[in-house]
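The values are calculated or read from the model by the stated rules, or taken from the named source; none is laboratory data. Because the structure is predicted, anything quoted here is derived from the model rather than measured. Heads up, the Cβs are rebuilt from the backbone with ideal geometry, glycines too, and the neighbour counts pull from every protein chain shown.
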Amino acid sequence: MLFGNTLQLLVGFLFVTSINANSDTERIAKFNRNMNRPWIIKDAIGNPVCPGSHQNEIVYKKNLTKKLGAIKLLSNVGKNSEGVYTFPPGVDYEINGEKVPGDSLVVKLVHMDSDYDSCEAEILHRIGSLRDHGKLWKEANFGSDAEDSPSSSPSGSNSGSDSGSDSVEWLDYGVLVMNKAKGKSLSQYEWWKQLSEPQKKELVEKTLVDIKNKVYDFLKTQQLLYADLNLDNILVETETDSVHGIHSFKEAHLVDFGFPGIFTVRKIPEPEEFDSWFYEQFNFYSADLRKAQNWREFSGTQLVADSESSGAGKRLSNLNHDAGTGGTGQAKKQRQRRRGKLRMIED
């Protein structure tokens, strides 16, 4: 009997594993098809064709080690970088003789192990976010503690520890000093977990509409396609009514313009074609979130329908307020204006 139960559990486990494997395979195949649209340019091995590539030695030439000795780790998330850093409060950064408040900047350290790593500097320059760039000598694998600052080798060369028994490896990283984007990723807000499922979905949908417009505008003005549509790469500004604990969407911003998330295009797709690509791309990156929240895939037409059926146009609350309860004076004025317009049409 015990053997029979064990066999059933094993068969069940293998069956579920097989389903998940097939699901992942289909999801990846769908992603590849989406990125193989005829208007997206890639090289022979499928990498992005981006401006400024093969320029690492030029872009990351100026040594910024001494200027960046005080930076603190902000986030070590990222496959192609050592992490994103910020300056301590009150520390300024000098750019072309001008002192810029450190809290308005972030610093990204790039591994420089790809010929495409120089692309990010060119792209940030195009969108007006790049403030400085160069290189930094830094202890290898540093960055596990957000409160620590990077150790910098004074001589810019390999050195040993004080005891002389252990060697310390120093590596050369590319440096990108850029304007700090406003907002946070949704999961970083303390009140995010307290929101109901409809409230979370409303906030994601409003974020998607804003980001979709920004990506399409970037595509039209720069002929570059932002493809790394991970929610961690989308910072959201919100407006908060501290009295009622209500949070409403304000604006969304893209971050991380590095390899391999930017592609060039042969032509600008029509809005309908772009919308299809955009939501397919986001659905791939948001698979875990949608599964956790039991959401179906997002689409442009779905946003309107869901807004009407689930009350997605209502204000967000992180306390004990129902999504459809209350409303600010501004919201009431907006409703009154809409009713006024309807009466004018009827008259």
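Per-structure values
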| item | result |
| --- | --- |
| Pair list, Cβ under 6 Å, 6 or more apart: the range 73-96 residue aliphatic (A, V, I, L, M), other residue at pLDDT below 90 | LEU73/GLY83; LEU73/GLY143; LEU73/ALA146; VAL84/LEU74; VAL84/SER75; VAL91/ALA70 |
| Residue within the range 154-173 that is in contact with a Leu (Cβ under 7 Å, 6 or more places away or on another chain), modelled with pLDDT of 70 or more and either closer than 21 Å to GLU239 by Cβ or surrounded by 15 or more Cβ atoms within 10 Å (Cβ to Cβ) (or both) present | yes |
| Members of the range 64-75 that are of a type in the set (Lys, Arg) and part of a helix (DSSP H, G or I) | LYS66, LYS67 |
| Any chance THR25 is loosely packed, with under 13 Cβ neighbours inside 10 Å and either closer than 16 Å to ILE262 by Cβ or among the polar types (S, T, N, Q) (or both) | yes |
| Condition check for GLU94: part of a strand (DSSP E or B), at pLDDT 90 or above and of a type in the set (Asp, Glu) | yes |
| Flag if ALA292 is loosely packed, with under 15 Cβ neighbours inside 10 Å, among the small types (Gly, Ala, Ser) and closer than 27 Å to GLU26 by Cβ | yes |
| Flag if ASP148 is charged (D, E, K, R), at pLDDT 90 or above and either over 30 Å from LYS220 (Cβ atoms) or not assigned by TED's automatic domain parsing to the domain that holds ASN230 (or both) | no |
| Residue match in the range 204-213 (condition: among the basic types (Lys, Arg) and surrounded by fewer than 19 Cβ atoms within 10 Å (Cβ to Cβ)) | no |
| Filtered residue count, the range 35-63, keeping only those that are without any contact (Cβ under 8 Å) to a residue 12 or more places away in the chain and not in a loop (DSSP other than H, G, I, E, B) | 1 |
| VAL265, sole failed condition from (1) in contact with a strand residue (DSSP E or B) (Cβ under 6 Å, 6 or more places away or on another chain); (2) in contact (Cβ under 8 Å) with a residue 60 or more places away in the chain; (3) exposed (fewer than 15 other Cβ atoms within 10 Å of the Cβ) | (3) |
| Residues located in the range 210-231, provided they are over 24 Å from ASN36 (Cβ atoms) and in contact with a strand residue (DSSP E or B) (Cβ under 9 Å, 6 or more places away or on another chain) | ASP210 |
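Residues checked against (1) among the aliphatic types (A, V, I, L, M); (2) touching a residue at least 40 places away in the same chain (Cβ under 8 Å):
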position	(1), (2)
ASP210	no, yes
VAL215	yes, yes
LEU219	yes, yes
TYR226	no, no
ASN230	no, yes
GLU239	no, no
